[in-house]
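So the structure is just underneath, and the comments pick up after that.
The values are calculated or read from the model by the stated rules, or taken from the named source; none is laboratory data. No experiment lies behind these values; they were computed from the predicted model shown. Backbone-built Cβ (ideal geometry, glycine too); neighbour counts: all protein chains shown. Areas reflect the complete protein model, heavy atoms only, side chains present, ligands, DNA and RNA absent. Shrake-Rupley method; radii C 1.70, N 1.55, O 1.52, S 1.80 Å.
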Amino acid sequence: MADKQQDDVLYRVVRNDEEQYSVWWADRPLPEGWHAEGTEGTREECLAHIAEIWTDLRPLSLRRRMAGQSAG
């Protein structure tokens with residue numbers, strides 16, 4: 001079994017306009033439609049942060065539509 005190589009790359013947490021989260025390399029330009037959330041660290045640290053803050057996985061547009069249906 002091969003040893004897992006240590007990942008010393010710095011990542012950042014990114015979010016799109018639908019409030020969906022991901023990790024991205026900190027030294028690369030962000031893809032269109034994605035914005036830095038403010039957290040940087042190892043991939044594992046960023047994923048742990050996402051797991052803490054992204055509790056509703058539904059896209060923002062779906063949450064808004066569902067909220068409008070329940071209000072009406």
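Points worth noting:
- Among the residues of segment 27-57, those that are among the small types (Gly, Ala, Ser), closer than 12 Å to ARG12 by Cβ and either out of contact with any Leu (no Cβ under 9 Å at 6 or more places or on another chain) or open to solvent by less than 50 Å² (accessible area, probe 1.4 Å) (or both) comprise GLY38, GLY41.
- Residue in segment 4-26 that is open to solvent by 100 Å² or more (accessible area, probe 1.4 Å) and among the polar types (S, T, N, Q) present: yes
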